[in-house]
Structure formats: structure tokens, C-alpha cells
1. Got a sec? Which of 208, 135, 218, 223 is at pLDDT 80 or above and in the same structural domain as residue 245 (by TED's automatic domain parsing)?
2. May I ask you to verify whether residue 178 is touching a residue at least 24 places away in the same chain (Cβ under 8 Å) and under 30 Å from residue 517 (Cα atoms)?
3. Please report, ordered by residue number, the strands (runs of 3 or more DSSP E) entirely within the stretch 201-296 with at least 3 residues that are farther than 29 Å from residue 309 by Cα and not hydroxyl-bearing (Ser, Thr, Tyr).
4. Could you check the stretch 116-144 and list, in sequence order, the residues that are more than 29 Å from the chain's Cα centre (by Cα), crowded, with 18+ Cβ neighbours inside 10 Å and charged (D, E, K, R)?
5. Is it the case, given these coordinates, that residue 410 is over 38 Å from the mean Cα position of the chain (by Cα) and assigned to a helix (DSSP H, G or I)?
6. Got a sec? Which of 532, 605 is more than 30 Å from residue 98 (Cα to Cα) and of a type in the set (Val, Ile, Thr)?
7. Go through the residues of the stretch 590-601 one by one and say whether even a single one is more than 21 Å from the chain's Cα centre (by Cα) and not polar (S, T, N, Q).
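The values are calculated or read from the model by the stated rules, or taken from the named source; none is laboratory data. Keep in mind the model is a prediction, meaning the values are calculated, not measured. Cβ atoms come from the backbone with ideal geometry, glycine included; neighbour counts cover every protein chain shown.
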Amino acid sequence: MRFLALSFLFLFTLQTTFAQKHYGIDFSAAGGPQCHAFTQAFHNKAKEVNFSIAREGNALFFETNDKNWFSQLFQGKNDGIALDLVPRDRYACNYQAPPAQIKGLLLAPVYSKALKQGLRPAKENRYRVKVGTIPQTLANDDLEFNILFLNDKKLCLYYVIYNLPSYPWDLLDMGMYLDSLTYSDRKIPGASDSGTVYKFKSLTFTVPFEKNKTNYAPADIKPLYDSLRLTDFNIKSIDIHAYASVEGSTARNAELQQGRAESIIAALQSFQKPTIATQIETSENWVEFLKDIEGTPHAQMGQLPKSEIKKRLVGQTSAALEPLLKNHRKAIIRLELDKKDPYKNERPEQLVQLFNGAVKKEDLAEALAIQNSLFEKMRQNMANPELLRQLEVPEQSKFLPLLLKNAVYRSMLDEKYILISRNQLRRLKQLDPNNAKLDYNIAALNLKIWRYNAEPVDARKLKQSIEGLAQKGIERPLIQRMLVNYHIIKAEQHMRKREYDQKDRSVAFINATYNDFPKSDFDYLSLAQFLTYYANNEDAVALLNDKAQQLDVNSELLFYYINLTLIDQQLTATEDYRRIMLNAHDLDPQRFCNLFASPAQGGVTFQLLEDPFLKQYYCENCGN
């Protein structure tokens, strides 16, 4: 109680003191016609123009990437900026701050003349001007800095800065034709393992569990066993997400989740040696619980805190909901498989000799199998890619499958070889001018060459070659994926030239097209990052909305979606968003709680806690 009283006294005193210093600012004009000139300048700001507040010691700087917009914003002598220094204490879980126009300490405004005279180049393509100093009494506090934009000393906009992280985006993986179209199963940023893994096949299974049991029923895992017995693939990795129903203690549920995952791994490990790489995620199944009780007599329970729900899920209530709860205890298993390799134990040098011997015998099937084994060893860094030079294949049409794979594989291992691979493929076209796989691979490599500016590329002819693949029998979804990549590159080029209208046309094409082909999690995230990079946040949200509500959503996709939507108070108040937030906390509690830290601490902003629903989620799961 003493802490609560002191906290209340501190905040009350802080707000009372700060409210006395308004420096002649008129707060009644916000959003009114008096701010017309400022509103026009802000409205005309290109989406690509950005600004922020930077702190160096106790000095505070306004930064922007567009000094022309900056000059347009502050034209009258009494146009300017003031900063509101907001303390973290305002958002303590045991304190409800009263509504306030100024949330912390208001610093003296800096007006047009001083702003323009003080603006200096900072780092690359950035400009800055000093706009305030943190008082020594607040120097050690956790602070955030809101901006008051003033027009003729009238408050026109109170601006909160959100530290929403930006991520690098990339071209969608188009794959390359080897024996068949082979994609690079790239791990999205933040995953525990990185690098490039060439995926041949994957299987997904759901295994149910009984209440308080970690062992599965043999009949439930039989389809998985049968699939593995019939396949000519080995298990490369196991990814398991184990779920417990929400009743009972969190600690006990964690034990059950882990035990269920480990029992399945032990069963799968019995199929092969050596040890299979595994990744386990565990969580309570709040997503399906909150969704399934909708429309039932227990629907109101979904509005309660998690701790209160657990208290009620006992006795008759638990028994009544058991038909729902039993479906929430399960493990979702994803297996990545690699084709079995009969030459696995051969040394790379021996494989080269065996391959050349098979080619001389014109045994194409054996040569392809040996080639695959050698490629796999190169991928795992068990063989030197220079061995590709020792593979002796006559440039004859009957050996084209071997020649094609040799030509592109080096660039799949290392993209700095894309020019060499593309040129080799062009030479192979003389053997089979109408080979669709050759044309597809050439188009894919040309897109990468264009993206990396490895040599000049005629964009119009490249687009024509991509669209012409349809006449050669290439499926439309593959062509649409390539065209999306084409416009990703075009958008980047237009952006560099500040050709915003043309950039927007390329972005519009991407938005209209990405539903025309299947997408991996990597594709979803890369597209969302691309759209966000070009300030198309609403489109990025629409892209990820369905994925974010899935129980087994990739955690990186989920947190990226949350970063894009935290400031939408209409959305955060919905039941769907509550499920999303509870799922995010279960997937990564530390990351979830850190969203509500200050930007200086790596968070988005603690001022998110102005939203009562977000504050409920935070205080329910993260404490004070």
C-alpha cells in the first residue's frame, strides 16, 4: 500500500507541476481549421518521409530524412515543435492515470527560425536539429518523447512515436528446376537455426492426447508410421508444437506439453540413426478454448483474466466443457524429409569417379542418383563445390538433365555464381531451344542478376520472357510469383528515383497478385516486410490477418503482425485479438512483455498501455 500511495503521489505531483507550464501554447485548436496550413503540409507528406526523436546524453534531436518537407512544415515564425517527456511510472499496473493532454513534462517549444537554422546533416540521408534537453531530475528515468507540432503557437498534432521494427525483405523464392522444381526452405528471421535447406518433402500430422497423459494412442500415430514406412525419404528434422488444455496449473500443463512432445520424438527416432534434429514449442491452447466457448452458456468466461478462468474450470464446469477441452490436447508434428541416399557413405572423390563412369555407360538414372548424393554433401559442407568441375558430361541433348543441374547448382549454393550459371544455361539452350525448365531457370537467374545489379538487364525483355513461359507449359502460379518479384525490384528502383506514383503501381500489382500462388511462411513474412517498408501497413495486415489467427502460426509471423496492429484500438478490443495476444505470450513470454517497454529498452512504446485492452493483456501476463 505504501508503494501504491507513493506512486500515486509522485504521478499526481508530476502532472500538477507539469500542467502549470504550457509556454503560451493554445491547446484548443488541435484538429481545427486554425491548423489548416500545417494539416495540408502533413497530409502532403510522402509515405516514405519519416521522422523521429533521437537522444544523445540528455540532448534531444528531431530527425528526418527529408529536409524539404521539414521546411514546408514550419513556415510561420510561430510554427514549431515542443516535446512531452513521458515517464514509465504513469503506466504502472496498480495505477490508473487520469486522462491528460500532456502526459509528462512539457519542454519549451522551438520555433521555425531556430529549427531551420539549426538543421544539420546527420548520418546518411538524415537531418537533425536540437529541440530540447532532459532535466537532470529526470535524466535516469525511463522516458519517451512525444512531439507537439505547433502552427502559430496552436497545438495541431500530438504525435506518439512507435518503435516498430523494420525487417529486411527479399525476393520470393522461385525455386530452380533440378530433377523437379526445388525450393530453398529458408528460415525466417529469428528462427533458431539459419542457413539454406533444400526441401524435398514434408509431412504434417496432428496427434491427440488424453487428459493428464503424455502417451499417445498407437492408433492415432499409425498414419504417421505408415507414411514413413512407405516413403523413400529419411526424417531430416522434427518440429513439434505440443498443446495442453487450459484448465489446471500452468506448471503442470508445461510438464504435460513437454512430455507429449518427447514421447513422439522418441517414437520417430526409432525409425533411423543418427539423432534427428528436433525443435519443440509448447503452450496452453487458449486460442481454441476462447474460440470454442463462443456461443455456449460459458461464453462470458472468455472476458475474464486467465487466472480467473482457471479457477472456474473445475468440477461441474470442467466436466461440462470436457467435450471441447479434449480437442485442445494435442501435438502438431511437422517432419522435413530428405530423399534416401544409397551413396551416402561414399567419399566425394569416389562419387566423382562413379558419376563419370555412369555417364560413360550412359546410365542416366544412376548418374542422377550419384549427382544428387554429391550435391547433398556439398550442401552440408562435406564436399568442395569445385568438384563440379570434375564431372564429365558431354554436351549432348540426352545428357541435358545432368548438364542443367550442374549449371545451376553452384549458384544455389552461392549466389555470386548466378552470372556463370545463367551463361551456362544459355549455352545449353542450343541443345534444346524449347526446353521449358531451361527457360524458367534462366528467367529466375535474370531476376536475381537484375536485383543485385550484376549486369545491365533490359526490364521490358525480361518481363516478356517471364510472361512467355506460359506458352512453354510453365504453370501460371509460378509465372505470377516471378512477376511479383519483377515488381518488387521495380518498386525498389522507382523508390530510389522518388518516382512514388510508379512505385505505387508496382505495389498495387503485388497486392492484386500474391493470392494467385501458394506461399511459405518465409514468403508471407517477406511480402509483409516489403509492404511495410513502403508504408503500406494496411496491406501487410490484410496479408497476415488469417495466418495470425491460426493456432500453430509461426512465432515470427505472429509478432510481426502484432507490431503492425498494436496501435489499432478498434482491433485490439476484439475477441480475435485477445486470442492472438494470449497465443503470442505462450509462444514467447519475454518477447511479448518486451513489446510494452520503451524504445530505449527495445520495446515498441510503453504508451501502448494507454489502451485499456492492451494494459489488461500486459498486466495479466507480465505483471508490473
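1. Details: 135 fails: in the same structural domain as residue 245 (by TED's automatic domain parsing); 218 fails: at pLDDT 80 or above; 223 fails: at pLDDT 80 or above.
Among 208, 135, 218, 223, only 208 is at pLDDT 80 or above and in the same structural domain as residue 245 (by TED's automatic domain parsing).
2. Working: touching a residue at least 24 places away in the same chain (Cβ under 8 Å): yes; under 30 Å from residue 517 (Cα atoms): yes.
When the stated conditions are applied, residue 178 passes them.
3. On the way: elements: 201-208, 233-244, 277-284.
Filter on the stretch 201-296 gives 201-208, 233-244.
4. 128
5. Values: over 38 Å from the mean Cα position of the chain (by Cα): no; assigned to a helix (DSSP H, G or I): yes.
Considered against the rule, which asks whether it is over 38 Å from the mean Cα position of the chain (by Cα) and assigned to a helix (DSSP H, G or I), residue 410 comes out as no.
6. Working: 605 fails: more than 30 Å from residue 98 (Cα to Cα).
Only one candidate passes the filter, namely 532.
7. Checked the stretch 590-601: at least one residue is more than 21 Å from the chain's Cα centre (by Cα) and not polar (S, T, N, Q).
One line per residue, one yes/no per condition, for (1) among the charged types (D, E, K, R); (2) within 32 Å of the chain's Cα centre (by Cα); (3) surrounded by fewer than 17 Cβ atoms within 10 Å (Cβ to Cβ):
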| position | (1), (2), (3) |
| --- | --- |
| 324 | no, yes, yes |
| 353 | no, no, yes |
| 363 | yes, no, yes |
| 370 | no, no, no |
| 375 | no, yes, no |
| 386 | yes, no, yes |
| 391 | no, no, no |
| 394 | no, no, yes |
| 404 | no, no, no |
